[in-house]
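The values are calculated or read from the model by the stated rules, or taken from the named source; none is laboratory data. Just so it is clear, the structure is predicted and the values come from calculations on it, not from any experiment. Here the Cβ positions follow ideal geometry from the backbone for every residue, glycine too, while neighbour counts run over all protein chains shown.
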Amino acid sequence: MKALILSAGQGSRLLPLTESRPKCLLPLETQSLIEWQIQELTRCGVNEIVVVVGFRAAAVEEMLAGLCRPGLSIRTIFNPFFNVADNLGSCWLARHEMNRDFVILNGDTVFEAAILQRLLNSPPAPVTVTIDHKARYDSDDMKVVLDGTRLVEIGKTLPLDAVDGESIGMLLFRGDGPRLFAEALDQAMRTPEGLKWWYLKVIGLLAQGGHVNTVSIEGLEWGEVDYPADLGRAQEMVARWIADNSTRPAVASGR
């Protein structure tokens, strides 16, 4: 299994913490954010990781070089447009990597391995979006509307009375999914609005063709790090993981 991590941005909402350090290198207890991601990815058998870098790319690449080991490949793609384009541009630059099944992950999502394993064990679909549920959603949540488990709509501005959950920023592409996504990315980047789109806008377009399913990870631990308060909650979460490490169950692969 291959994983694509989108970590090109600075994380300006975390300033001054990210003034000279990219968001993915912010410390979470014993490791940086991206090191926690890679640790949990490898626990699920992911052995090929591609990271899209941009802001302070050299610092990220230096750290990643120290994580490579036999059986684990980590390489980077530089996005020179990280400060003028949204993350659809990062995906477009990495479209040549979409040549087989892969997982895509936002560079600010901290998650436990059980989330990825639930995604990998989900029923086959070209695209599968991990979703969670909560009592209330705010303007920054990437909200979803479902028909059963099939994705109908995804976006931040969906009517709250129609929302069925939120995307956590982790998706699985299988079978025709990688090709469909790469082709849709290319079409989107040929439009005047392409540079301003999130890649999930493209996922919404694919959902209109019935290509996108969802899997709920409700009850499992994850966090998105956008603001200082988010960073504090993520630090508390990984501190619990460290404290519980001796009793944390092994992840049994279903693949």
Please find, among GLY45, GLY9, the residue that is part of a loop (DSSP other than H, G, I, E, B) and buried (at least 22 other Cβ atoms within 10 Å of the Cβ). GLY9
In this structure, is PHE55 farther than 23 Å from MET142 by Cα, surrounded by 21 or more Cβ atoms within 10 Å (Cβ to Cβ) and either out of contact with any helix residue (DSSP H, G or I) (no Cβ under 8 Å at 6 or more places or on another chain) or not small (Gly, Ala, Ser) (or both)? yes
Residues of the range 149-197 being of a type in the set (Val, Ile, Thr) and either surrounded by 13 or more Cβ atoms within 10 Å (Cβ to Cβ) or touching a helix residue (DSSP H, G or I) at 6+ places or on another chain (Cβ under 7 Å) (or both), which ones? THR149, VAL152, ILE154, VAL163, ILE168
Only one of (1) of a type in the set (Val, Ile, Thr); (2) closer than 30 Å to ASP244 by Cα; (3) in contact with a His (Cβ under 6 Å, 6 or more places away or on another chain) fails for ILE115. Which number is that? (3)
Restricting the range 154-163 to residues that are under 18 Å from the mean Cα position of the chain (by Cα) and not β-branched (Val, Ile, Thr), which is nearest to LEU205 (Cα to Cα)? GLY155
List the strands (runs of 3 or more DSSP E) that sit entirely inside the range 141-255 and contain at least 2 residues that are farther than 30 Å from LEU15 by Cα. 143-147, 150-155, 165-173, 212-216
Mind checking which pairs have a first residue in the range 134-160 that is more than 20 Å from TYR199 (Cα to Cα) and a second that is part of a helix (DSSP H, G or I), Cβ under 9 Å, 6 or more apart or different chains? ARG136/LEU160; TYR137/LEU160
If a residue has to be assigned to a loop (DSSP other than H, G, I, E, B) and among the charged types (D, E, K, R) to count, how many in the range 57-92 make the cut? 1
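Can you tell me which residues in the range 12-23 are out of contact with any Phe, Trp or Tyr (no Cβ under 6 Å at 6 or more places or on another chain), free of Cβ contacts under 8 Å to residues at least 40 places away in the same chain, under 22 Å from TYR199 (Cβ atoms) and buried (at least 18 other Cβ atoms within 10 Å of the Cβ)?
Of everything in the range 12-23, just one residue is out of contact with any Phe, Trp or Tyr (no Cβ under 6 Å at 6 or more places or on another chain), free of Cβ contacts under 8 Å to residues at least 40 places away in the same chain, under 22 Å from TYR199 (Cβ atoms) and buried (at least 18 other Cβ atoms within 10 Å of the Cβ), namely THR18.
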Among residues of the range 198-207 being hydrophobic (A, V, I, L, M, F, W, C) and modelled with pLDDT of 90 or more, the residue surrounded by the most Cβ atoms within 10 Å (Cβ to Cβ) is VAL202
Reported set for the range 24-46 where residues are in contact (Cβ under 8 Å) with a residue 40 or more places away in the chain and either farther than 18 Å from PHE111 by Cβ or of a type in the set (A, V, I, L, M, F, W, C) (or both) is CYS24, LEU26, LEU28, LEU33, ILE34, TRP36, LEU41, CYS44, VAL46
Taking the range 164-215 on its own, how many of its residues are at positive phi and under 18 Å from the mean Cα position of the chain (by Cα)? 2
